[in-house]
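Colleague: Below: one structure in structure tokens.
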Amino acid sequence: MSTGVSTSTDKNIVDKSRSHRNKPVSKAVRLTRERLQSSHPASGAFDRDVLVMYVNAVLQGASIVPLFVMIVAGVGVYLTEDTQIFIWALLTLTAHAANVFLARRARKQEINAASTRQWRRVLLLGQFTIGCCWAVFALGDCISCQPSSFVLYKGATLFIALSVTAMSNFMLKPAVLVAFAPVVLGLMAKAGLSRDILEVSLAAIFTTTVIFFNYISDRLFQSNLRILAFQAEKDDLIAELEVAKSMSDEARRRAEEANLAKSRFLASMSHELRTPLNAILGFSEVMSAEVMGPLNNATYKEYTSDIHRSGEHLLNLINEILDLSRIEAGKYELSEEAVSLLDISEDCIGMVQLRAHGKNITISQQFEFELPAIWADEKSLRQVILNLLSNAVKFTPQSGEVHVKVGWTAGGGQYISIKDNGPGIPEEEIPIVLSAFGQGSIAIKSAEQGTGLGLPIVQAILAKHDGQFILKSKLREGTEVIAILPAKRVLQTVPAIEDAPAVSRKRRSFA
């Protein structure tokens, strides 16, 4: 049977469960993690970013190629004693300077998605121009030097140029093939025409090396694409988290405003409700006691008793709601002093004894005497014990039994346990009973209905005392509630200090 009471945690005054995560945030995190693990980004999605990275790499390494070309030209003049190699060096430096100029212009114009493809073609054309210069170098000959030495010099130079180009231009796909296709074609043509074993070997090895470096460049390109995809996913996740955080902050602000408005409403309604209630209770009590004269009609006297009981019930409900509001707002102040848990328990048992006798319920006691005093709020503790005892008497059937224990805990604190043999509470309904305005289905059937605020207030008061509330119940076997106060609340007695003889004052001496 449904009680119509929500089990959401916003009605729990003392929530002992773990903090609940924001559902939109957790969903965003889960979806983003799945995209990170399973998605394969397409290269077209990051064309602009890749091109910007290539432009920055060209501008940062602009001095490497001129230095390498000058070293190659110097070594060539030393080996061949032919100064015409400087013409090739000048041509190559001019092509490189044009390529750097294009990169600077591309960065100044801020490459966008529309111009990405056009700039990519222009930059590939610049790489092809540099490749043609290296093809001119590959086709060069040396008559005055040994063929093997010149082929070794030429091959080493081309291999170094290929590695430098592959490492610096892998973000521009396929820069390696475009740049060294003229070189490969030139070496193959020269090897085919001369049929020299050195030229054929150089052409074959260099072609294989170009294919290998193109593969390496492609792998590096794909790796950088994945890094860019991860960064994009991270940015999306951060944006989603910021949106979720702003929504959460806004919801919290609205909740705080609503809570403040509720507190103001309750504070203003407290006086407005209690004033007429006091008049209703006073006049109905006077009429019921027939202070001003007898009532001629017995039905009227019964009505005055009903009015008085209804007014008391409404006043108790208002007081409980106000207590709950103060606890939620953090304005429930404790007036702490040294009190005895045994004395308070005995007084509360005496208060509910008359009601228990009316239902023929036996209240048995098991107290550990000589318990030291505790540091607590007496009014709050009385409210806790009275609420628990009243619930036990209320839900215990006719001729039932309520057992009250007061004693030490294993940790040095003190506790009070109240156990009845009533209908009990189903395990799945315990969170409902502990929430504000929550009531169990079997308890509603078997006893009078209450407000559902007693146990939440008990939990909150014990939490203010750094204590603990435990509810144990089995269906049709009864319920046991335990209120525990920690050891730091127990006041230990200190024996009196015996009089000791005064210590004689030593005379100070000066050198």
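Colleague: Please go through (1) under 20 Å from Lys379 (Cβ atoms); (2) free of Cβ contacts under 8 Å to residues at least 40 places away in the same chain for Ala338 and return the number of the only condition it doesn't satisfy.
Modeller: So Ala338 meets the others, but not (2).
Colleague: OK, next. I'd like the full set of residues that are closer than 15 Å to Val176 by Cβ and open to solvent by 60 Å² or more (accessible area, probe 1.4 Å), limited to segment 205-219.
Modeller: Thr208, Ile211, Phe212, Tyr215, Arg219
Colleague: Further question on the same structure: Just to check your reading of the model, which residue among Leu485, Leu462, Leu475, Leu471 is out of contact with any Phe, Trp or Tyr (no Cβ under 9 Å at 6 or more places or on another chain), modelled with pLDDT of 85 or more and among the hydrophobic types (A, V, I, L, M, F, W, C)? Step through it out loud before you land on a result.
Modeller: Numbers: Leu485 fails: out of contact with any Phe, Trp or Tyr (no Cβ under 9 Å at 6 or more places or on another chain); Leu462 fails: out of contact with any Phe, Trp or Tyr (no Cβ under 9 Å at 6 or more places or on another chain); Leu475 fails: modelled with pLDDT of 85 or more.
That would be Leu471, the only listed residue that is out of contact with any Phe, Trp or Tyr (no Cβ under 9 Å at 6 or more places or on another chain), modelled with pLDDT of 85 or more and among the hydrophobic types (A, V, I, L, M, F, W, C).
Colleague: Mind checking which residues of segment 385-422 are β-branched (Val, Ile, Thr), under 16 Å from Pro486 (Cβ atoms) and crowded, with 18+ Cβ neighbours inside 10 Å?
Modeller: Listed by number, the residues that qualify are Val406, Ile416.
Colleague: In addition: Among the residues of segment 60-84, write down those that are in contact (Cβ under 8 Å) with a residue 24 or more places away in the chain, part of a helix (DSSP H, G or I) and open to solvent by 30 Å² or more (accessible area, probe 1.4 Å).
Modeller: Ile64, Val65, Pro66, Phe68, Val75, Leu79
Colleague: One residue is enough: does segment 146-155 have a residue meeting the conditions under 16 Å from Ala179 (Cβ atoms) and not aromatic (Phe, Trp, Tyr)?
Modeller: Scanning segment 146-155 turns up no residue that is under 16 Å from Ala179 (Cβ atoms) and not aromatic (Phe, Trp, Tyr).
Colleague: Would you be able to tell me the number of residues in segment 356-384 that are among the polar types (S, T, N, Q) and crowded, with 16+ Cβ neighbours inside 10 Å? Even if it seems obvious, please write down each step before you answer.
Modeller: Of the residues in segment 356-384, the ones among the polar types (S, T, N, Q) are 360, 362, 364-366, 380, 383.
Among the residues that remain, those that are also crowded, with 16+ Cβ neighbours inside 10 Å are: 380, 383.
Here the count works out to 2.
Colleague: Report, by residue number, each residue of segment 380-424 that is more than 17 Å from Val352 (Cβ to Cβ) and outside any loop (DSSP other than H, G, I, E, B).
Modeller: Passing the criteria: Ser380, Gly407, Trp408, Gln414, Tyr415.
Colleague: Still on this structure, please answer the following. So is Thr94 assigned to a loop (DSSP other than H, G, I, E, B), surrounded by fewer than 18 Cβ atoms within 10 Å (Cβ to Cβ) and either touching an Asp or Glu at 6+ places or on another chain (Cβ under 9 Å) or free of Cβ contacts under 8 Å to residues at least 12 places away in the same chain (or both) or not?
Modeller: Numbers: assigned to a loop (DSSP other than H, G, I, E, B): no; surrounded by fewer than 18 Cβ atoms within 10 Å (Cβ to Cβ): yes; either touching an Asp or Glu at 6+ places or on another chain (Cβ under 9 Å) or free of Cβ contacts under 8 Å to residues at least 12 places away in the same chain (or both): yes.
Against the criterion (assigned to a loop (DSSP other than H, G, I, E, B), surrounded by fewer than 18 Cβ atoms within 10 Å (Cβ to Cβ) and either touching an Asp or Glu at 6+ places or on another chain (Cβ under 9 Å) or free of Cβ contacts under 8 Å to residues at least 12 places away in the same chain (or both)), Thr94 does not qualify.
Colleague: Let me ask something else about it. Assuming Asn112 fulfils every condition listed in (1) within 59 Å of the chain's Cα centre (by Cα); (2) farther than 28 Å from Phe46 by Cα; (3) at pLDDT below 80 apart from one, which condition is it?
Modeller: (2)
Colleague: Run Ala239 past the list (1) within 26 Å of Trp88 (Cα to Cα); (2) within 58 Å of the chain's Cα centre (by Cα); (3) at pLDDT below 85 and report the number of the one that doesn't hold.
Modeller: (1)
Colleague: Hey, does segment 10-31 have a residue that's assigned to a helix (DSSP H, G or I), open to solvent by 60 Å² or more (accessible area, probe 1.4 Å), at pLDDT below 60 and among the polar types (S, T, N, Q)?
Modeller: no
Colleague: Count, please, the residues in segment 339-364 that happen to be in a helix (DSSP H, G or I) and small (Gly, Ala, Ser).
Modeller: So the count comes out to 4.
The values are calculated or read from the model by the stated rules, or taken from the named source; none is laboratory data. What you see is a predicted model, and the numbers here were worked out from it, not measured in a lab. Ideal geometry is used to build each Cβ from the backbone, glycine not excepted, and the neighbour counts take in all protein chains shown. Note: areas computed on protein heavy atoms with side chains; ligands, DNA, RNA excluded. Shrake-Rupley method; radii C 1.70, N 1.55, O 1.52, S 1.80 Å.
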